[in-house]
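To keep things clear, I will list the structure first and then write my remarks on it.
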Amino acid sequence: MKRYRLRAPLVLSLLVAMFAVAASPASAQTAARFNSTRPAERVEYWQKRLNEISARMDRPDSLADVRLLFLGDSITDFWTMGDNPWFPGAVGGRAVWNESFGGQDPSRLGLNLGISGDRTEHVLYRILPRSEGGLGELDRPDLNPDVIVLMIGVNNSWDAETPAVDSVVAGVRAVVAAVHARKPDALIVLQSLLPTNEPGRNAGLVIPVNAALAGFAVSPDQAGHVRYLDLYPAFIADDGMQNRALFMDGVHPNEAGYRAWRDRLVPFLSRVRGSGVS
């Protein structure tokens, strides 16, 4: 009995034909659903966010109604994030922001100037007056918030200068000084850094930085215009580690985390606003 063998080129041709049939038209329709199949210009998120803030600050409509100004990095920025574009299923703090700082209570109308990735030096550049070469985000004379809510410094713990704790604390202090110089009538609520999902980073940097900031806030030259809010305990579990139920990743709170933050911040604001700036 004679046996017949298909030559390799013929086998390959048959396989290609089979896959071509299988791929059309249903597979083509499936592929069209994916962003990966369509040309798209790349826009860095931080640049997009900076452009949004710059456009808002350049608009002629008044900022006089803003009572709370939030300043910081992505942790502040993501107060106004809905669905996370990088982590499907994760949700930021937009609903909480709209409920609490969106203007339903005019005394808590907020303006968010957080930008993802910012370090202390980047915030310093953003609030440096335009006349001095900065972006002048606090230049508007009609922007006179009662309170400036500040959280900054955790990004300085990556690619850190040494000693890292001293560098972060010095950077935060510089931001506080610059903010106060630009808006001397505003009370500054200086918030602690939040726990990360790295126990070593928490023990070696976050906790010591927070302790230094707490002492800084009550020093004689700061006590008149700075109030310290320690959020760290609200974001740890019973074992002292980061409470993962409150975070969308190792650093950024999820919607539940922003609710926990709001639940500490709003009563704190009610207490300290009456004390005023001296």
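The values are calculated or read from the model by the stated rules, or taken from the named source; none is laboratory data. Note that this is a predicted model, so its numbers are computed, not measured. Please note: Cβ atoms are built from the backbone with ideal geometry, for glycine as well, and neighbour counts cover all protein chains shown.
The single residue among PRO184, PRO163, PRO141, PRO145 that is farther than 27 Å from LEU109 by Cα and over 19 Å from the mean Cα position of the chain (by Cα) turns out to be PRO163. If you check LEU113, LEU143 for being part of a strand (DSSP E or B) and closer than 22 Å to ARG273 by Cβ, only one passes: LEU113.
Taking segment 81-110, which residues are of a type outside the set (D, E, K, R), outside any loop (DSSP other than H, G, I, E, B) and in contact (Cβ under 8 Å) with a residue 12 or more places away in the chain? Please lay out each step first, then the result.
Initial filter on segment 81-110 (of a type outside the set (D, E, K, R)): 81-82, 84-93, 95-98, 100-104, 106-107, 109-110.
Retained after the next criterion (residues that are outside any loop (DSSP other than H, G, I, E, B)): 91, 95-98, 100-101, 106-107, 110.
Of everything in segment 81-110, those that are of a type outside the set (D, E, K, R), outside any loop (DSSP other than H, G, I, E, B) and in contact (Cβ under 8 Å) with a residue 12 or more places away in the chain turn out to be VAL91, ALA95, VAL96, TRP97, SER100, PHE101, PRO106, SER107, GLY110.
For segment 157-187, give me each residue that is assigned to a helix (DSSP H, G or I), over 15 Å from ILE207 (Cβ atoms) and not β-branched (Val, Ile, Thr). SER167, ALA170, GLY171, ARG173, ALA174, ALA177, ALA178, HIS180, ALA181, ARG182, listed by residue number. In segment 135-161, what residues are small (Gly, Ala, Ser) and crowded, with 17+ Cβ neighbours inside 10 Å? Result: GLY136, GLY153, SER157.
Among the residues of segment 61-103, those that are at pLDDT 95 or above and of a type in the set (Phe, Trp, Tyr) comprise PHE70, PHE78, TRP79, TRP97, PHE101.
Report yes if VAL206 is touching a strand residue (DSSP E or B) at 6+ places or on another chain (Cβ under 9 Å), in a helix (DSSP H, G or I) and touching a residue at least 24 places away in the same chain (Cβ under 8 Å), otherwise no. If you could, list the steps in order and put the result at the bottom.
Values: touching a strand residue (DSSP E or B) at 6+ places or on another chain (Cβ under 9 Å): no; in a helix (DSSP H, G or I): yes; touching a residue at least 24 places away in the same chain (Cβ under 8 Å): yes.
No: the conditions fail for VAL206.
For residues in segment 247-271 being surrounded by 16 or more Cβ atoms within 10 Å (Cβ to Cβ) and among the aliphatic types (A, V, I, L, M), which is farthest from ILE188 (Cα to Cα)?
Here the answer is MET248.
Where the second residue is assigned to a strand (DSSP E or B) and the first is of a type in the set (D, E, K, R) and lies in segment 181-193, which pairs have Cβ atoms under 9 Å and are six or more apart or on separate chains? Going by the 9 Å Cβ cut-off, the qualifying pairs are LYS183/LEU69; LYS183/ILE148.
In segment 105-134, what residues are among the hydroxyl-bearing types (Ser, Thr, Tyr), surrounded by 14 or more Cβ atoms within 10 Å (Cβ to Cβ) and more than 19 Å from ALA181 (Cβ to Cβ)? Listed by number, the list holds a single entry, SER116. What are the residues in segment 31-60 that are at pLDDT below 85 and hydrophobic (A, V, I, L, M, F, W, C), if any? Once the filter is applied, which keeps residues that are at pLDDT below 85 and hydrophobic (A, V, I, L, M, F, W, C), segment 31-60 yields ALA31, ALA32, PHE34, ALA40, VAL43.
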